[in-house]
Structure formats: structure tokens, C-alpha cells
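Report on the structure given below.
The values are calculated or read from the model by the stated rules, or taken from the named source; none is laboratory data. Quick caveat, the model's predicted, so the values are computed rather than measured. So basically every Cβ, Gly included, is an ideal-geometry build from the backbone, and we count neighbours across all protein chains shown.
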Amino acid sequence: MSYVRTLRRIRLRKTNYRKRQALLISRQDFVTIKITNQNVIAQLLKPEIRGDVVKASAHSRELRLHGWKGSLNSLPACFLVGILLGKKAQEKGIGRAILYIGNKPFTSRTAACMKGIVEAGINIPISAESFPPQHRLNGGHIADYATKIKKEDIDKYNKLFSSIIREGLIPENYQSHVKEITARILNESLLVQSNKQDRNVPRPGVLTSGDKSPK
């Protein structure tokens, strides 16, 4: 048997080179979404042979600057990060993009972020059936659960929602809070804020999406 050499990034399941090649050939701006245990990071990039150029980026920690008091990696947070990224992209004259997930699975939180980007006015080819229900995007499921737990066990309620209560948000008001922050982001001018924040993101030539072109 002969040995067939496989690129290291394929062995580590970090890069799907077929998808990467199709992305480079398309020359379309693309969106990447990374969800950690604590935060959500979304970027809109332009693909180039030598590396991806960051055109706009949004981090869930930025939501605090707009008055957000909820979790930073929940479904509503993903939705709001998408709105934030979409608004920044629009203010920079970007009106169309595609989603690039590489080898990562397409999850409900990824879909929530995409819904936010579309809601902000960016044209992305994605089926509306892929999006979570608006009730969940607005945190209705969180508010319903909080109401139920509060009636059954007040100590458990205080423990589960201690972080957002500490921020000043009543869990049962999650839906109205999401709508308030959504309206605030869409009505604000983010261009000045975006320019300051983008100085901290990787420069052209650095593949922030986690993918590299084969050498």
C-alpha cells in the first residue's frame, strides 16, 4: 500500500478545501460565526488568496455598550450580534454576503445570528425555514421558564438567573428587552464605533475564519 499525504488542516478537520476553493472563486463577501461558552463573535470578510480581509466585526461584549443586560451567548444574544454586524456592514456599503461555516455544524445559534444579519438589511441566500421562531429569538422561552421556576422554587430562580438579575434585568421581561436593544442598534449610527473597534481585529492576510489556502 502506498501512503497518500493529507494536508494537516484536513487531518485536524480545520479546513474544507473544496468549500474554501469555491469561496475564493466566488469572490463574495462572507460571514463567519464563532460561539464560545461565554461569547459570540461574528465577522464579515472578503476572501483573498493571501488571506481574508475583515470588513466588519461584532462581538457580544459590544452589546453592553448598547444597554444589553442579558446573557452574552444565548439565542437572543446571537440574534442581536447578527443585527449589530449587519448594521455595521450596511453603514460600510456592504449589502450582500454568504455564510461560510467550513467544517462546523449549522446550529440554532448560528441561524439566530444569520437572522439578525438579514433583519439588519443584508441580503444573504438562506431559507427562512432555517431560522428559529421569533418567540425564541426574542427570549420568550427564557421568560416563560423564568416565570415557571419562580412559582416553583424561588431559590432556584435566583440562582439560575443571578447574573442577569445582577445586571438589572428581570428575566420575565426578556422579550421586551430584546426588542428595545434591537430598535436601539438599528436606529444608532455605528460607523464611528466600528472604526475604533476594527483596529483591534486581525489585519488583512490573517485568516480569522480559521481557514488557510493550501500551500
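Go over the candidates Phe79, Phe106 one by one and state the one that is within 26 Å of Glu167 (Cα to Cα) and in contact (Cβ under 8 Å) with a residue 24 or more places away in the chain.
None of the other options fit; the residue is Phe79.
Answer yes or no as to whether His66 is at pLDDT 95 or above, closer than 20 Å to Leu99 by Cβ, of a type outside the set (A, V, I, L, M) and surrounded by 17 or more Cβ atoms within 10 Å (Cβ to Cβ). I'd like the intermediate steps shown before the answer.
On the way: at pLDDT 95 or above: yes; closer than 20 Å to Leu99 by Cβ: no; of a type outside the set (A, V, I, L, M): yes; surrounded by 17 or more Cβ atoms within 10 Å (Cβ to Cβ): yes.
No.
Run Ser176 past the list (1) at pLDDT 55 or above; (2) surrounded by 15 or more Cβ atoms within 10 Å (Cβ to Cβ) and report the number of the one that doesn't hold.
All conditions are met except number (2).
Spot the failing condition for Leu169; the list is (1) at pLDDT 50 or above; (2) part of a helix (DSSP H, G or I); (3) surrounded by 11 or more Cβ atoms within 10 Å (Cβ to Cβ); (4) not small (Gly, Ala, Ser), and only one is missed.
(2)
Only one of Tyr145, Tyr100 is of a type in the set (Phe, Trp, Tyr), in contact with a Pro (Cβ under 9 Å, 6 or more places away or on another chain) and crowded, with 20+ Cβ neighbours inside 10 Å; which? Explain how you work it out, then say what you get.
Numbers: Tyr145 fails: crowded, with 20+ Cβ neighbours inside 10 Å.
Of Tyr145, Tyr100, the one residue that is of a type in the set (Phe, Trp, Tyr), in contact with a Pro (Cβ under 9 Å, 6 or more places away or on another chain) and crowded, with 20+ Cβ neighbours inside 10 Å is Tyr100.
Has segment 135-157 got any residue that is within 23 Å of Lys34 (Cβ to Cβ), touching a helix residue (DSSP H, G or I) at 6+ places or on another chain (Cβ under 6 Å), at pLDDT 95 or above and among the aromatic types (Phe, Trp, Tyr)?
No: segment 135-157 contains no residue that is within 23 Å of Lys34 (Cβ to Cβ), touching a helix residue (DSSP H, G or I) at 6+ places or on another chain (Cβ under 6 Å), at pLDDT 95 or above and among the aromatic types (Phe, Trp, Tyr).
Here's a check for you: in segment 122-137, which residue that is under 15 Å from the mean Cα position of the chain (by Cα) and farther than 25 Å from Ala22 by Cβ is surrounded by the most Cβ atoms within 10 Å (Cβ to Cβ)?
Top of the filtered list is Leu137.
What's the number of the only condition in (1) in contact with an Asp or Glu (Cβ under 9 Å, 6 or more places away or on another chain); (2) surrounded by 13 or more Cβ atoms within 10 Å (Cβ to Cβ) that Ile164 fails to meet?
Failed condition: (1).
Would you call Gly116 closer than 16 Å to Ile83 by Cα, in contact with a Leu (Cβ under 7 Å, 6 or more places away or on another chain) and in contact (Cβ under 8 Å) with a residue 12 or more places away in the chain?
Values: closer than 16 Å to Ile83 by Cα: yes; in contact with a Leu (Cβ under 7 Å, 6 or more places away or on another chain): yes; in contact (Cβ under 8 Å) with a residue 12 or more places away in the chain: yes.
Taking the combined requirement at face value, the residue satisfies it.
Could you look through segment 7-43, keep only residues that are modelled with pLDDT under 75 and of a type in the set (Val, Ile, Thr), and pick out the one that is nearest to the chain's Cα centre (by Cα)?
Of everything passing the filter in segment 7-43, Thr15 is nearest to the chain's Cα centre (by Cα).
Determine whether segment 82-92 contains at least one residue that is surrounded by fewer than 23 Cβ atoms within 10 Å (Cβ to Cβ) and either within 8 Å of the chain's Cα centre (by Cα) or hydrophobic (A, V, I, L, M, F, W, C) (or both). Explain how you work it out, then say what you get.
Of the residues in segment 82-92, the ones surrounded by fewer than 23 Cβ atoms within 10 Å (Cβ to Cβ) are 90-92.
Still in the list and also either within 8 Å of the chain's Cα centre (by Cα) or hydrophobic (A, V, I, L, M, F, W, C) (or both): none.
So far as segment 82-92 goes, no, none of its residues is surrounded by fewer than 23 Cβ atoms within 10 Å (Cβ to Cβ) and either within 8 Å of the chain's Cα centre (by Cα) or hydrophobic (A, V, I, L, M, F, W, C) (or both).
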